[in-house]
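See below for the structure under consideration.
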Amino acid sequence: MRAEGQCIMPGFVDSHTHALFSGSREKELGMRVKGLSYLEILGQGGGILSTMKRTREAPEALLIAETLPRLKRMFRHGSTTIEVKSGYGLDKKNELKMLNCVRNAAKIVPVDLVSTFIGAHAVPPEYKGRPDQYIDHVISILPDFRELASYVDIFCDKGAFTAEHMHRLFTEARELGFGTKAHVDEIENIGGTRTAIEMGATSVDHMVKTDDDTIELLGNSETIACLLPATPFVLMENEYPRARDMLDANCALALATDMNPNCWTENMQFVVSLAMLQMKMSIEECITASTLNGAYALGVADKCGSLEVGKNADILILDAPNHLHLGYKIGINIASTVIKKGRIYSGAQGPQGT
Ligand code: NIG
Ligand code: FE
């Protein structure tokens, strides 16, 4: 095949998603438009907990059937490696079910999936008002997830878990050989980012309310900041991660979709547009952040993230004469062909497929 006149780049590495779940939450958009906040919607039984209910009810076959089309569309938009988190089961049985589904989905889609256990995503109804006991429970079941997940994650923010919870969880997770990641500074800065960096987390994700001192600490660390601009976009926030300040402080940045029922984008090309328009990142910074740095954030940079001898042939061909069309064309799919491990997907099998 020929790619004359087109632009070739590494496949996207989408390093933060919650792409496996049952149901949808389309009614919440109208609630947000009326002015309800994410935490208010959560307080009314919406948000993570409503997806938890649907996901607990769903048998494995249904969960996989709902998730596969999403993963295929993500692939058709150019993502060749995707991280998928648990976090809608919130008990041992259902978290295991989710990660088992990720493992089975990976056998079907032409995408490498990296699994993350985020039992500490929300406090489930059985533990309402008892987050300490729930964290104890999550810590106690960690060994059961060693085979199914590479990373342990926590939602450390107002209305969720504290930096102290993170410290306890990560201490145990590291002992067991998991990598660690954290949702931090999305709603408020409650100190979790500092704890995560000091504990050697692979990535700190969201990072909207991060202060100067923490940015400096991050710049002097090995931890990658995974920025998710689609989330403030759907929450109609005016504040985005301070990407320019982070880059000036020598931080390594990754970009990802955060694909979840609250932020339903499957398109890394759209995330690049947002990163440029809302965070003033250059197209070159965006390409690095959405490919190679994403691969570092998932511990797979030896296999993908750049076009190099010895790595997988995970290649994205853009229907564009140069890379400047990425970011510039908003919300549409300019992928013409996606190549995964040397296998070519184009036409109905690739970006034009439904
Ligand atoms: O990364 N902030 C916490 N978790 C997800 C949202 C999950 C959901 O709303 O279902 C996030 O944005
Ligand atoms: Fe997330």
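The values are calculated or read from the model by the stated rules, or taken from the named source; none is laboratory data. As the structure is a prediction and not an experimental result, all values here were calculated from the model. Neighbour counts run over all protein chains shown; Cβ positions are idealised from the backbone, glycine included. With ligands, DNA and RNA removed, areas are computed over all heavy atoms of the protein, side chains included. Shrake-Rupley method; radii C 1.70, N 1.55, O 1.52, S 1.80 Å.
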Query - Theoretical FRET efficiency, 1/(1+(r/R0)^6), r = Cβ-Cβ of K303 and E188, R0 41 Å, to 0.05 - result: 0.65
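When only C-alpha pairs under 8 Å and at least 6 residues apart count, what is the relative contact order of the stretch 226-303, in percent? Please report the intermediate quantities before stating the final value.
Working: 92 pairs, mean separation 26.3, N = 78.
Relative contact order of the stretch 226-303: 34 percent.
May I ask you to give the solvent-accessible area per residue for the stretch 163-232, in square angstrom, as obtained with a 1.4 angstrom probe?
For the stretch 163-232, the per-residue accessible area is 35 Å².
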Query raised in the report: Dipole of the chain (Lys/Arg Cβ +1, Asp/Glu Cβ -1, origin at the Cα centre): which of A61, C251, T223 lies farthest to the positive side?
Result: A61
Query raised in the report: Rg (Å, one decimal) plus Dmax (Å, integer) for the alpha carbons of the stretch 102-261?
Result: 15.6, 45
Requested in this report: State the extension gain, in nm to one decimal, for the chain segment bounded by D319 and K27, taking 0.36 nm per residue of separation less the distance between their alpha-carbons.
Outcome: 101.6 nm
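So, R0 is 45 Å and r is the distance between the beta-carbons of D213 and K93; what FRET efficiency does that work out to, to 0.05?
Values: r = 42 Å, r/R0 = 0.92.
Calculated value: 0.60.
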Query raised in the report: Can you pull out the GluC sites (Glu not before Pro) in the stretch 125-186 that DSSP calls coil and that have at most 15 other Cβ atoms within 10 Å?
Result: E147
Report task. Taking 7 Å along the Cα-to-C-beta vector as the label spot, tell me the R244-E164 distance in nanometres, rounded to one decimal. Result -> 3.9
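Sorted by packing (mean other beta-carbon atoms within 10 Å per residue), highest first, where do 24-37, 57-70, 305-318 land?
On the way: 24-37: 12.8, 57-70: 16.3, 305-318: 18.0.
Listed from highest to lowest mean packing, they are 305-318, 57-70, 24-37.
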Query raised in the report: How much accessible area per residue does the stretch 243-282 have, in Å², with a 1.4 Å probe?
Result: 31
Report summary line: Once Lys and Arg are counted +1 and Asp and Glu -1 for all other residues with Cβ under 13 Å from that of F161, the total becomes -4
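If you take the square roots of the eigenvalues of the alpha-carbon gyration tensor of the stretch 1-106 and sort them as a ≥ b ≥ c, do you get rounded (a/c under 1.5), prolate (a/b over b/c) or oblate?
Numbers: a/c = 2.71, a/b = 1.48, b/c = 1.83.
In terms of gyration-tensor shape, oblate.
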Query raised in the report: Where Lys and Arg each count +1 and Asp and Glu each count -1, what net charge lies around S336 among other residues with Cβ under 15 Å from its Cβ?
Result: +2
